[in-house]
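Participant: This is the structure I want to talk about, given as structure tokens.
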Amino acid sequence: MSYHRKPVTGMAYSSPEEMIFGSAAKPIACGSGVLIGAGEVIPEVNFTLPPMAIREETLPDVRQRFREMVERILTRAVQQGLSALVLELEHLYELTLHPDWGALVTADIKAVMEEFGQRYGLRSALRVTVADIRDQQRPPRMRTGELFATMLQAFERCADAGADILSIESTGGKEVNDHALVQGDMEGIAFALGVLAPRDMESLWGAIVDIAHRYKVVPGGDTACGFGNTAMQLAHQGLLPKVLAAVVRLMTAPRSLVAVEMGATGPLKDCGYENPVIKAVTGVPISMEGKSSACAHSSPLGNIAAAVCDLWSNESVQDVRLLGGYAPAVFTEILAYDCRLMNTALKQGQGHALRDLLVVSDHYRDPQALMLDLRVVYEAGKRIVEAGEDHYARTLAMARYATEEIRRAVSEGSITLEQREERWLGMVEDALADLPEDADALRRRVDMNYGSLYIPAEYGLDA
């Protein structure tokens with residue numbers, strides 16, 4: 001079956017004030033009676049193996065380790081009195097490269113979840129995030145070839161084996177973006193995020209939604225982790241300006257929105273910090289990560305990320321022993337505390353107060369956090385809608401709006417930038433002013449430097 005993009009034409013909320021954690025305009029039911037975005041925040045526990053080889057001969061040990069992890073996670077969930085949770089199996093490359101292996105692990109995990117459901121009444125849903133293995137070949141083949149076929153096969157096998165939600169962190173356009181990002185080249189970044197990435201999203205998510213519908217599971221969503229979070233981590237290490245990372249963050253929203261326009265329903269995946277913008281536009285439920293994902297990476301978004309979450313995640317943690325037990329079980333408990341606080345605030349009529357504290361505690365500490373301010377999130381959504389259907393026009397609107405907001409905050413004295421950051425903000429503004437309004441004109445410029453890095457036909461472009 002062929003799926004066509006249905007571009008958004010309006011906002012799901014009449015104002016940013018309507019948006020709050022635990023509540024989505026379009027809640028989703030999945031798994032064994034799990035309702036997401038229907039009035040409470042639910043933990044999403046992400047777990048992974050400790051360093052160990054994944055080979056044919058080690059597969060029995062790998063499967064047993066995953067079963068033990070899930071048993072410990074669900075035991076801790078029961079001890080904490082949780083009535084529902086979501087688990088995420090985020091594929092290591094080997095589990096996607098060998099679809100049968102990923103399916104076996106999926107089935108093993110789902111069997112443990114069903115056992116706990118029968119024994120304790122614990123409602124649960126399993127998200128499986130298939131790895132984007134296409135970038136193992138350079139230039140990557142995004143729509144053809146063995147790796148693409150294997151990846152789609154992995155989605156099918158996992159959907160058949162018990163996955164309730166399908167997701168991916170897709171990488172279309174990353175082959176150009178990585179080079180442009182380290183050079184601070186706005187032309188290359190705009191081409192990667194505004195032309196290549198959304199074209200890949202249309203093609204890929206048409207296929208994923210088709211698989212999800214055939215197997216009667218939920219097509220969750222994508223993330224721009226390989227773009228926005230790469231920029232965030234480079235900025236954290238002092239290798240990239242924070243203002244550039246902030247601009248890139250908002251520029252990722254139109255590209256990730258395409259998944260929903262192709263039929264994804266949420267819950268969008270945790271490491272997509274662009275998710276609040278997409279929720280503002282579409283009303284789909286979102287998973288987010290922040291302070292309780294410090295086990296995976298550092299970020300300046302620890303509190304503000306929770307402001308409108310529907311699932312609250314730890315991102316990913318290895319199955320290593322801590323004083324309090326194995327890490328995935330420990331982080332299950334941490335997420336339970338976080339969600340209990342948010343849900344108690346909702347029940348006692350203090351939800352908006354807590355939401356606003358989460359925002360205010362972060363939004364002026366870093367220009368990247370400013371991009372998650374609810375006022376900024378909502379206005380960004382409006383500008384995407386106003387930009388129309390064109391991917392590049394939307395992306396350019398986001399870049400210019402991001403610099404507007406940072407400049408406004410600096411002018412008001414809300415944010416103080418270091419001299420280097422101030423200089424870079426001016427450079428980004430100048431570069432954006434020089435970008436062409438037409439995607440074809442941009443491509444003619446960009447191809448001189450980046451034309452050898454991507455295959456036009458794999459994005460539906462003429463050579």
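The values are calculated or read from the model by the stated rules, or taken from the named source; none is laboratory data. Computed from a prediction, not measured in an experiment: that's the story for all the values here. Glycine gets a Cβ as well: all are built from the backbone with ideal geometry, and neighbour counts include every protein chain shown. Please note that ligands, DNA and RNA were not included when accessible areas were found on the heavy atoms of the full protein model with its side chains. Shrake-Rupley method; radii C 1.70, N 1.55, O 1.52, S 1.80 Å.
Participant: In segment 206-246, how many are buried (at least 24 other Cβ atoms within 10 Å of the Cβ), in contact with a strand residue (DSSP E or B) (Cβ under 7 Å, 6 or more places away or on another chain) and part of a helix (DSSP H, G or I)?
Facilitator: The number of residues fulfilling the criteria is 1.
Participant: Within segment 140-177, track down each residue that is open to solvent by 40 Å² or more (accessible area, probe 1.4 Å) and farther than 18 Å from Met201 by Cβ.
Facilitator: Glu146, Ala149, Gln153, Glu156, Arg157, Asp160
Participant: Can Val70 be described as open to solvent by less than 40 Å² (accessible area, probe 1.4 Å) and free of Cβ contacts under 8 Å to residues at least 60 places away in the same chain?
Facilitator: yes
Participant: Of the residues Ala253, Ala192, which is open to solvent by less than 10 Å² (accessible area, probe 1.4 Å) and closer than 22 Å to Gly37 by Cβ?
Facilitator: That would be Ala253, the only listed residue that is open to solvent by less than 10 Å² (accessible area, probe 1.4 Å) and closer than 22 Å to Gly37 by Cβ.
Participant: Let me spell it out: the conditions are (1) open to solvent by 40 Å² or more (accessible area, probe 1.4 Å); (2) farther than 21 Å from Met201 by Cα; (3) under 27 Å from the mean Cα position of the chain (by Cα); (4) not acidic (Asp, Glu), and Ile406 meets all of them except one. Which number is the exception?
Facilitator: (1)
Participant: Would you confirm, using the coordinates I've provided, whether Val284 is over 16 Å from Asp373 (Cβ atoms), at pLDDT 95 or above, open to solvent by 10 Å² or more (accessible area, probe 1.4 Å) and touching a Leu at 6+ places or on another chain (Cβ under 8 Å)?
Facilitator: So Val284 fails the test.
Participant: Here is a follow-up. Please work out which residue is farthest from the chain's Cα centre (by Cα), limiting yourself to segment 228-251 and to residues that are under 21 Å from Glu404 (Cβ atoms) and free of Cβ contacts under 8 Å to residues at least 60 places away in the same chain.
Facilitator: My answer is Leu240.
Quick grid of which residues meet (1) surrounded by 13 or more Cβ atoms within 10 Å (Cβ to Cβ); (2) within 26 Å of the chain's Cα centre (by Cα); (3) not basic (Lys, Arg):
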site	(1), (2), (3)
Met371	yes, yes, yes
His391	yes, yes, yes
Gly413	no, no, yes
Asp434	no, no, yes
Arg444	no, no, no
Tyr459	yes, yes, yes
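Participant: With respect to Asp362, determine if the residue is out of contact with any strand residue (DSSP E or B) (no Cβ under 6 Å at 6 or more places or on another chain) and either crowded, with 16+ Cβ neighbours inside 10 Å or modelled with pLDDT under 95 (or both).
Facilitator: yes
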